[in-house]
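The values are calculated or read from the model by the stated rules, or taken from the named source; none is laboratory data. These numbers come from a predicted model, not from an experiment. All Cβ positions, glycine included, derive from the backbone under ideal geometry; neighbour counts span all protein chains shown. Ligands, DNA and RNA are stripped out before the accessible areas are found, and what is left, the full protein with its side chains, is counted by its heavy atoms. Shrake-Rupley method; radii C 1.70, N 1.55, O 1.52, S 1.80 Å.
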Amino acid sequence: MMLDVKKLKSFLIDSKLVSAKNMELAEAEELETKRRLEDVLIRRGFVSEEMIAKAKAYVLGIPFVDLTNQKVESEVLKIIPEPIAKNSNIVAFRKTGADLEVAMLDPNDLQTIDFIKKKAELNILPRLTSRQSLEAVIRQYQRSLEDEFNNIIKSESSEVLKVVELASKDGKIKSDAELQRVAEELPVVKIVDTLIRHAVLEGASDVHIEPEEKDVVVRYRIDGILKDVMTLPKAVHDGIVARIKVLSSLKLDEHRLPQDGRFKIEGEGFKVSFRVSILPVYDGEKIVMRLLQEDSQGFTLEGLGYRGKALEILHRAIKRPTGLILSTGPTGSGKTTSLYTVLDILNTPEVNISTIEDPIEYRIPRVNQTQVKPEIGFSFPQGLRTLVRQDPDIIMVGEIRDDETAALAINASLTGHLVISTLHTNSAAGAIPRLIDMKVEPFLISSTLTAIVGQRLVRCLSPDSRTKYNLTKKEIEALSKEIDLDKVLKTLKNEKIIEPKDTWESINFYRPKETESSPNGYKGRVGIFEVLDITPKIKELIVASATSDDIQKVAEEEGITTMLEDGFIKAVQGITSIEEVLRASRE
């Protein structure tokens, strides 16, 4: 079922869906950008996504189905679990006897078809559909899930209240034995399981359970933004906390000190590790659970959002056998994900990789990962000293937090190791004065440092929930007060993102549009980056203990693409919006 691109081109031109001239323009961009032809045609607005899907269906001889307004039976929909439906862009929509009709975007995904065939023990009949049609069916998972979620929470909350009343006096559970019993009661188990499952399927990165005077507020962080999900009666709070402590192997009788733990859940199509933090607050114990997807496919630097010269510099740095590579940015900017992606690239049988982390966020096969334990005196410096004696080729230090760790990381990179780590600074250039503040000699920094990454995360516009627009004169004037627009425009032209004659008034940008499938118009996140190459001029500035502003100025003279410029490139490409770029770059 491989698609013949030549036949697709001929069909699009012969049916007059795309003119021959526009096809030539698209082919030229396809060669230059290495994108798929169909993606280029859609991005340029020469043809709609639905038209492309119908054309592919015709060329392949597969029926095309439009499921936009079709209600799929719940039993049929659930044959393919929602995580698989979302990740593989495939849904079941009709079952006739032993035949199951599935709608998909990629008819070449034979692996998924074979998996569903074995799991469901049915004959699979593939059908092509459009993304809009597919997402209409995927939304039906959400409706049934929301109904199930609300019903369980409402019904089980009243049951929990009864359990609490039996185990407590004045609405508070006094005995830890009673806490243990409440934690294992079915209503409490159901509420916590439902909250967890709902968070996984919603794509949340964090779950916040916050006690207030009269209620318990549950919030999810989705694409970096917190949103309220549910308000529960205050009386269920002790039971929920106890249940999560049991899952995380924490002390039930400890209510005055913070506790940290972990647990893991597996289900159809997902495997998630939860990192749990419990903090005593005025109205009880606040819980934050970080969700870490263990079954996600390995990231690529391109997939994270690295591109162009920044990608070249980073690839060149990680190919060196020695040196220090730093990833910088505030908490939650994706630094650790960048490091794990670099480790994944470097992880071959020929090298020994060791890490010292706090905490270990993802398990990587064949990598020796160590968790620091400050409570028993096992710190980053102590762990790093031991790692160097373990004959590693590559060392990852989760974070350089203090002078001793900085000195040891520099010394490790001087003695024949490739060291990668993170540092909390606002920009790539700001990492150098920070290391000097940590009492690292400037000449040692210039000898070991090979590249510094500065990064932020921005929300991606949902492809079907965005509108095209052009900046007005008033908007351009407002932007010019905080951004050097001439410099950004020059970068866009040099990177061939826009035409040489384009002006700010003529460039197409995109903003979010509220739709049923995407209430705020955003879905997922991508990085905006700047990668500072440690060139001879930058080395001279380091030895002279120059300020971050002086380093930034020289880096820009040498052609660095700043985070702001990278963000505007992604905004012009329709990946994100100007508002998101400004929000992230101002942080």
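Data for the structure
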{"item": "Per residue, in Å², the accessible surface of the stretch 293-386 once ligands and nucleic acids are set aside, probe 1.4 Å", "result": "48"}
{"item": "Accessible area per residue in Å² at 1.4 Å probe, computed on the stretch 42-137", "result": "49"}
{"item": "Candidate residues 286, 523: accessible-area rank, largest first, probe 1.4 Å", "result": "523, 286"}
{"item": "Length gained when the stretch residue 98-residue 479 is fully extended (0.36 nm per residue, less Cα-Cα span)", "result": "131.2 nm"}
{"item": "Carbon + sulfur, % of accessible area of the chain - ligands and nucleic acids excluded, 1.4 Å", "result": "49"}
{"item": "Cα-projected label distance for residue 283 with residue 350, points at 7 Å along beta-carbon direction, nm", "result": "5.9"}
{"item": "Whole-number percent relative contact order across the stretch 364-424, with pairs defined as alpha carbons under 8 Å at least 6 apart", "result": "32"}
{"item": "Computed label-point distance, nm, for sites residue 6 and residue 470 using a 7 Å Cα→Cβ extension", "result": "4.1"}
{"item": "Residues of the stretch 424-438 with amide N under 20 Å of a point placed 7 Å along Cα→Cβ from residue 403", "result": "424-425, 431-438"}
{"item": "The chain, relative contact order in percent, only Cα pairs under 8 angstrom and at least six apart counted", "result": "9"}
{"item": "Nearest-0.05 FRET efficiency for residue 138 and residue 264, computed from C-beta distance (R0 25 Å)", "result": "0.45"}
{"item": "Accessible area in the full protein assembly, largest first, 1.4 Å probe, for 299, 11, 509", "result": "299, 11, 509"}
{"item": "Residues with amide H under 5 Å from that of residue 522, placed H, sequence gap 5 or more", "result": "462"}
{"item": "Added length on full extension, which subtracts the Cα-Cα distance from 0.36 nm per residue, residue 549 to residue 251", "result": "102.4 nm"}
{"item": "Heavy atoms of residue 105: accessible area, 1.4 Å probe, square angstrom to 10", "result": "30"}
{"item": "Theoretical FRET efficiency, 1/(1+(r/R0)^6), r = Cβ-Cβ of residue 25 and residue 514, R0 30 Å, to 0.05", "result": "0.40"}
{"item": "Structure-derived P(r) over Cα pairs in 10 Å bins from 0, in percent - corresponding label in (i) 3, 14, 21, 24, 21, 13, 4, 0; (ii) 4, 18, 29, 28, 16, 5, 1, 0; (iii) 3, 15, 25, 26, 19, 10, 3, 0", "result": "(i)"}
{"item": "Theoretical gain in end-to-end length, residue 414 to residue 225 [0.36 nm per residue, Cα-Cα removed]", "result": "63.9 nm"}
{"item": "Residue-level accessible surface for residue 533, protein heavy atoms, 1.4 Å, Å²", "result": "40"}
{"item": "Nitroxide proxy distance, nm - points 7 Å out along Cα→Cβ at residue 123 and residue 439", "result": "7.7"}
{"item": "The stretch 318-476 - percent relative contact order, Cα under 8 Å, separation 6 or more", "result": "34"}
